[in-house]
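Notes for the one structure printed next.
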Amino acid sequence: MALLSPGFHRRRPEGEADAGDRLPPGQYLTDGFPVLSAGPTPRIIPASWSFTVENENGQKTSWSWQEFMDLPQETPTVDIHCVTRWSKFGTSWQGVSLDTLLENVETDAGYAVFHSHGGYTTNVPLEEITDGKAWIVHTFDGEPLDPEHGGPARGLIPHLYFWKSAKWVQGVRLLDHDDPGFWETAGYHNHGDPWREERYAWA
Ligand SMILES: Nc1nc2c(c(=O)[nH]1)N[C@H]1C(S)=C(S)[C@@H](COP(=O)(O)O)O[C@H]1N2
Ligand SMILES: [Mo]
């Protein structure tokens, strides 16, 4: 027996017509914004927040909240993909490009590790966060980023699974060698490309 009567066409909500091309394999779309945190939510006030880039020789460059907010701001609108299989289309953010933050940093490093208040870390090859591919963001949907989602500021590397986007970020270390982070040492894939389903190290 046919489950659909003749002439019935499933209608997709506006804007989802190309979900097939836009949705990486094994993912489903959500309109919500799930919270995934490995520990408690740290409460950090902007006045005591700073961001530090440390190069492979230990040289540090830091911005206070005000200095960070005075840097050129960008407003990326991007799709995000969590390894637990939810994806969210068209999320809009405001923040500073890693290109801007790395502009005056002297480095021959090939790798980077983001580190967060609370001890979370995540590693990426440096080329994954340059050329307009990554930001430190402080605003989501026009509002200051909620603490649950990483406020006052988090990493945003949308072309990799969302665990690479460190919440409550406080800095990035540049290294001449790879140094797997929190989930990467716990069995997640070292790279995490959602289009190649790089979910787990053993898969
Ligand atoms: N500091 C920190 N950053 C983190 C995490 C975390 O536990 N701690 N979880 C990661 C994971 S697994 C995901 S899917 C996203 C979730 O972000 P959200 O809670 O804003 O959806 O943050 C990533 N960044
Ligand atoms: Mo995740």
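The values are calculated or read from the model by the stated rules, or taken from the named source; none is laboratory data. Predicted, not measured: the structure shown is a model, and the values here were computed from it. Cβ sites come from the backbone with ideal geometry, for glycine too, and all protein chains shown count toward neighbours.
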Problem - Of all residues making up the stretch 90-115, the number that are of a type outside the set (Phe, Trp, Tyr), surrounded by 21 or more Cβ atoms within 10 Å (Cβ to Cβ) and over 20 Å from Gly58 (Cβ atoms) - result: 3
Problem - Members of the stretch 30-49 that are away from ligand 1 (no atom under 16 Å from the Cβ) and either surrounded by 16 or more Cβ atoms within 10 Å (Cβ to Cβ) or free of Cβ contacts under 8 Å to residues at least 60 places away in the same chain (or both) - result: Pro46, Ala47, Ser48
Practice task
Report whether or not Glu106 is away from ligand 2 (no atom under 16 Å from the Cβ) and either in contact (Cβ under 8 Å) with a residue 60 or more places away in the chain or of a type in the set (Val, Ile, Thr) (or both).
Solution key: no
Practice task
Among residues belonging to the stretch 69-84 that are surrounded by 13 or more Cβ atoms within 10 Å (Cβ to Cβ) and under 27 Å from Ala38 (Cα atoms), point out the one that is nearest to ligand 1 (Cβ to nearest atom).
Solution key: Cys82
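Among what's in the stretch 1-29 and is modelled with pLDDT of 95 or more and surrounded by 14 or more Cβ atoms within 10 Å (Cβ to Cβ), pick the residue that is nearest to Ala112 (Cα to Cα). Talk me through it step by step, then tell me what you get.
Within the stretch 1-29, the first condition is being modelled with pLDDT of 95 or more, and the residues that meet it are 22-29.
When the remaining residues are screened for being surrounded by 14 or more Cβ atoms within 10 Å (Cβ to Cβ), the result is 22-24, 27, 29.
On the way: Arg22: 28, Leu23: 27, Pro24: 25, Gln27: 27, Leu29: 30 Å.
So, considering only residues that are modelled with pLDDT of 95 or more and surrounded by 14 or more Cβ atoms within 10 Å (Cβ to Cβ), the one nearest to Ala112 (Cα to Cα) is Pro24.
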Completion exercise
Only one of Glu106, Glu128 is more than 16 Å from ligand 1 (Cβ to nearest atom) and not basic (Lys, Arg), namely Glu106
Practice task
Kindly establish whether Arg85 is within 16 Å of ligand 2 (Cβ to nearest atom) and either in contact with a Gly (Cβ under 8 Å, 6 or more places away or on another chain) or of a type in the set (D, E, K, R) (or both).
Solution key: yes
Fill in the blank from the handout: In the stretch 129-170, anything in contact (Cβ under 8 Å) with a residue 40 or more places away in the chain and on the phi > 0 side of the Ramachandran plot is listed as Asp141, Gly142, Trp168
